[in-house]
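I have placed the structure first, in the form of structure tokens, so that the comments after it can refer back to it.
Derivation of every value follows stated rules applied to the coordinates shown; laboratory data play no part. Please read these numbers as outputs of a predicted model, since none were measured by experiment. Neighbour counts are summed over all protein chains in view; Cβ atoms, including those assigned to glycine, are modelled from backbone coordinates with ideal geometry.
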Amino acid sequence: MADSKALTTRAADFSAWYNEVIMRAELADYSPVRGCMVIRPNGYAIWEQMQRALDQMFKDTGHQNAYFPLFIPQSFLAREAEHVEGFAPETAVVTHGGGKELEEPLVVRPTSETIIYSMYAKWIQSYRDLPVLINQWANVVRWELRTRLFLRTTEFLWQEGHTAHATEEEAEAETRQMLNVYRTFMEDWMAMPVLTGLKTDSERFAGALRTYACEALMQDDRALQAGTSHNLGQNFARAFEVTFQTAEGSLDYVWSTSWGVSTRLVGGLIMTHSDDNGLVCPPKLAQYQVVIVPIHKTDEERATVLDAAQRTRGVLAAAGIRVHVDSREGVKPGAKYYEWEGRGVPFRLEIGPRDVAASSAMLARRTGGKKEPVPLDGLAERLHAEMNRMQIELLGGGGFVYGGFCGSGECEAQIKEQTKATIRVLPDPEFRSPTPPATCLWCGRPSAAEAVWAKAY
Ligand SMILES: [Zn+2]
């Protein structure tokens, strides 16, 4: 059981608080290998909920899942110049197998563009083979020097979509579509407000034509890049000779995209919603949406109360609510409340002998407010409504810094050096100010675009 020491507060030390929330909720633990992370069942359950929701959204937009190997021939990475420059410094390389030195070293995938395009070159011949819309759920390895649980780990879990299209317009539409899928997921499921837009050249994915991102603002006013969608142009198609015969009979390179989100989202969820008492998890992604704590003194009370708790569990489960009865012996109700609070369970129902007699239960919300009695009759409908309300309440606002930007890399670099803030995105029209800024907020020259700055993870 987690220890009962109070957490460091967010105001005192946000970073210490973040780690303590994770430990108290038993979401993850440090591994014997530096920079790697063990995802514990409570944390993995959140990731599974995320996966299920996203996977359905990918399928609803026409994508299929596939799986590509973990090992990539080292020479593949070198075929796209920017790609190798961007990723080579952080790759793990296997030089021996079965006790023998390998003829060609193998890179443990940091991302899978190269191996996937080597296969697309075999599979795609004609415009009739397009589009190819594939996603893979996998782990990747990037040798990070400074790591944080969920936010930046040497190995992490993610999905990577890789699509190939006949035209530039189709590839751009796909890139934008998937950015929107991410935004919808982050807002509707994670209750995490995000803004979307274009990355500047210095923050672009290595090998991409354009990178779009979803940026979310954490409680300490630092931004988290929560998902990216890249229009790769024909860069990887050229590097891997992915050509197709067009409807007109000529030969062209395919236009491609890639897009991904990772277990970093779990870190984003923690930092967006949690409080000084521990994890706060939006109902839609919670492992258990409701925990029932039976309260009893005598054996007779115990039998009655447990029976009522199990019946209530059955009714709620039948209504599609993820519910758990904490019937552990030898743990006091107060200790149970404390534990489930730290784990972010949205709703707690306490059922004692008097509640059973009155056909009711005491309802407590993780996000505060008074505990109140609720009738068992109609409880599932009531809880569905409560969950919807909590989901919406959790979707609060964000405080990015908006300003004009002249477009020069020099200004961008100076701002980063002096304020530690980076341009998160050049926001999409719906996120722009009603009156666009006329001048660059740094140098005062005419503004070329509105930009959004924040310190970032
Ligand atoms: Zn400037």
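Would you please classify the overall shape of the range 298-414 from the alpha carbon gyration tensor, given that a ≥ b ≥ c denote the square roots of the eigenvalues, rounded means a/c under 1.5, and beyond that prolate means a/b larger than b/c while oblate covers the rest?
prolate
What full-extension length gain, to one decimal in nm, is calculated for residue 19 and residue 137 as 0.36 nm per residue of separation minus the Cα-Cα distance?
39.9 nm is the gain from fully extending residue 19 to residue 137.
For a test of the definition: using alpha carbon positions, the gyration tensor, and the 1.5 limit on a/c, classify the range 263-319 as rounded, prolate or oblate.
Cα axes put the range 263-319 in the oblate bin.
Could you check the spin-label model distance between residue 371 and residue 187? Points 7 Å from the Cα along Cα→Cβ, value in nm.
3.7
Amide H to amide H under 5 Å from residue 65: which residues, 5+ apart in sequence or cross-chain, H placed 1.01 Å off N in plane?
135
Rounded if a/c is under 1.5, else prolate if a/b is larger than b/c, else oblate: which is the range 31-148, with a ≥ b ≥ c the root eigenvalues of its Cα gyration tensor?
oblate
Tell me which residues come under 5 Å, amide H to amide H, from residue 422 once H is placed; ignore anything under 5 positions away on its chain.
454, 455, 456
Taking the range 388-457, which GluC sites (Glu not before Pro) meet the DSSP loop condition and have no more than 11 other C-beta atoms within 10 Å?
Loop-located and lightly packed - none at all.
With a 10 Å radius around each residue's Cβ, average the other Cβ atoms per peptide and rank 367-375, 212-220, 354-362, highest first.
The peptides rank, most packed first, as 212-220, 354-362, 367-375.
I'd like the Karplus ³J(HN,Hα) series for the range 237-244: coefficients 6.51, -1.76, 1.60, θ = phi - 60°, whole numbers in Hz, and an x wherever there's a Gly or Pro.
Going residue by residue, I get 4, 5, 5, 10, 6, 8, 10, 8 Hz, with x marking Gly and Pro.
Can you work out the Karplus-derived ³J(HN,Hα) for every residue in the range 145-162? Use 6.51 cos²θ - 1.76 cosθ + 1.60 with θ = phi - 60°, whole Hz, and x for glycine or proline.
7, 10, 10, 9, 3, 6, 7, 7, 10, 4, 10, 9, 9, 7, 10, 10, x, 9
Using the membrane-span-like helix rule (whole DSSP H runs, Cα extent along the own axis of at least 18 Å, mean Kyte-Doolittle hydropathy at least -0.5), which helices of the chain qualify?
299-318, 379-394
Which pairs in the list 284/416; 336/420; 5/371 are over 31 Å apart, alpha-carbon to alpha-carbon?
Long pairs (Cα-Cα over 31 Å): 284/416; 336/420.
Sort 38-46, 153-161 for me by packing, meaning the mean count of neighbouring Cβ atoms within 10 Å per residue, highest on top.
Packing proxy ranking, top to bottom: 153-161, 38-46.
Got a sec? Charge dipole of the chain, +1 on Cβ for Lys and Arg, -1 for Asp and Glu; which of 137, 35, 427 is way out at the positive end?
So the residue we want is 35.
Between residue 51 and residue 335, what FRET efficiency follows from the Cβ-Cβ distance if R0 is 25 Å, with the result rounded to 0.05?
Computed FRET efficiency for residue 51 and residue 335: 0.20.
What is the spin-label model distance, in nm, from residue 389 to residue 100 if the labels are put 7 Å beyond Cα along the C-beta direction?
6.9
Can you give the charge dipole size of the chain about its Cα centre, rounded to the nearest 20 debye, using +1 on the beta carbon of Lys and Arg and -1 on the beta carbon of Asp and Glu?
About 1140 debye.
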